[in-house]
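Scroll down for the structure; my scribbles are underneath it.
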Amino acid sequence: MPDAQVECPTPDGRVRAVRVSSPDRVIWPDEGITKLDLAHFVRDVGERLLGRIAARPVTLQRFPTGIAGEEFYSKNPPKGLPDWVRTVTMTYPSGRRHPQLVVDEVATAVWAVQMNTVTFHPWPVRVADNADALDRPDEVRIDLDPQPGRGFADAVEAALALREVLAEAGLTGFAKTSGNRGVHVYCPIAPEREFLDVRHGVIAIARELERRLPDLVTTAWWKEERGERVFVDYNQACRDRTIAAAYSPRPLPGAPVSMPVSWAELRSVEPRDFTVHTAPGIVAAQEDPWAAYDSSVGDLATAMHWWERDLADGLPELAFPPDYPKMPGEPPRVQPSKKRYADEDYEPGGAGYLRAHPELPPRG
């Protein structure tokens, strides 16, 4: 099949045509959804998608041969970047820096599909004139992830309780389906705190939710300690951790879409209601359930007070992702069932590491 052209509206009212090669390549084999179908989907929901990712650095989850084939995450923009697409340089936990794509118009998102993108993963920061903006998140993102034995309905119950906790903290929550079994809850915040502080605020909120629903919710990092509960993935608040964007397809059977929903309808929906086939019609027929998002900016002051209160009560820092450098106050990074000593941490040079490896000299 020859290359196709997908026409997209530009912010200044013009039309930009984006070439889509291999338009008949099948992305979701069971559903028969092609690359061109996906490009049309992104065009059709494009304005809503831009509302959630515009001016944000974006990581692209790409599948050159469809969701059943090779998968990789593009942090560097793909080669062949059009001259009308911009990038911004981001700093990672390792200190490494490189450019990332910024999606400022629908055509940029369609071009990403041309480069085999299925899912868009925006950072929780926006490009701004202030150089510090890229280090200061402007939204809290809380991922409610049902563990084995729990499902979407359990994540919904956790989300509804979380909404109340957020309100007590002076924050306004907005819900969306994850596109899988979970629920994502976002809160717009003033970009006044850097990533580590925002993460601590999220931990404090997660702990408050866990106190109220201890049989349903857990903050346990290690899977063996979570049980049949809904895990609040606080580490999604770390620098360089991203969540699938609202209106973004997911590389799963059925071609599901991560879909914003109102709190009133959250209990009545199912993740399978929102797919590449159905979402454009829903977007066209319904008002944006997140229409009040940008006018609902809150502050993390109460959540940070909760964090300090919990520290004073002896609750420690929680584990960071395994690729992070060892962080101040962090607990041992070893699976609890594999710990041989109380201070085991498996960090080279650490006390537990040296005890397990007596042939090594001590530090210093």
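Select, from 155, 128, the only residue that is over 20 Å from the mean Cα position of the chain (by Cα), of a type in the set (A, V, I, L, M) and under 24 Å from residue 238 (Cβ atoms). I'd like the intermediate steps shown before the answer.
Values: 155 fails: over 20 Å from the mean Cα position of the chain (by Cα).
After ruling out the rest, the residue left standing is 128.
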Could you check residue 185 against (1) in contact (Cβ under 8 Å) with a residue 60 or more places away in the chain; (2) closer than 27 Å to residue 279 by Cβ; (3) not small (Gly, Ala, Ser) and say which number it fails? (1)
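Among 253, 214, which is the only one that is assigned to a loop (DSSP other than H, G, I, E, B) and free of Cβ contacts under 8 Å to residues at least 60 places away in the same chain?
Numbers: 253 fails: free of Cβ contacts under 8 Å to residues at least 60 places away in the same chain.
After ruling out the rest, the residue left standing is 214.
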The range 289-324: number of residues that are exposed (fewer than 14 other Cβ atoms within 10 Å of the Cβ), touching a residue at least 12 places away in the same chain (Cβ under 8 Å) and farther than 25 Å from residue 199 by Cβ: 1
Assess whether residue 53 counts as being under 22 Å from the mean Cα position of the chain (by Cα), under 27 Å from residue 128 (Cβ atoms) and not basic (Lys, Arg). yes
Can you tell me which residue in the range 76-103 is nearest to residue 40 (Cα to Cα), limited to those that are crowded, with 19+ Cβ neighbours inside 10 Å and out of contact with any Leu (no Cβ under 8 Å at 6 or more places or on another chain)? 102
Give just the number: which of (1) under 23 Å from residue 297 (Cβ atoms); (2) crowded, with 24+ Cβ neighbours inside 10 Å does residue 117 not satisfy? (1)
Strands (runs of 3 or more DSSP E) completely within the range 96-152 that count 1 or more residues being of a type in the set (Ser, Thr, Tyr) and assigned by TED's automatic domain parsing to the domain that holds residue 52: 117-122
Taking the range 263-274 on its own, how many of its residues are in contact (Cβ under 8 Å) with a residue 40 or more places away in the chain, not in a helix (DSSP H, G or I) and not hydrophobic (A, V, I, L, M, F, W, C)? 1
Please indicate, with yes or no, whether at least one residue in the range 277-287 is under 30 Å from residue 30 (Cβ atoms), in contact with a strand residue (DSSP E or B) (Cβ under 7 Å, 6 or more places away or on another chain) and surrounded by 15 or more Cβ atoms within 10 Å (Cβ to Cβ). yes
Within the range 174-187, track down each residue that is more than 19 Å from residue 221 (Cα to Cα) and surrounded by fewer than 22 Cβ atoms within 10 Å (Cβ to Cβ). 178, 180
Taking residue 17, is it of a type in the set (A, V, I, L, M), more than 17 Å from the chain's Cα centre (by Cα), farther than 29 Å from residue 281 by Cα and surrounded by fewer than 16 Cβ atoms within 10 Å (Cβ to Cβ)? no
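The values are calculated or read from the model by the stated rules, or taken from the named source; none is laboratory data. Here the structure is a predicted model, which is why all the values come from computation and not from measurement. Cβ coordinates were reconstructed from backbone atoms using ideal geometry, including for glycine residues, and neighbour counts include every protein chain displayed.
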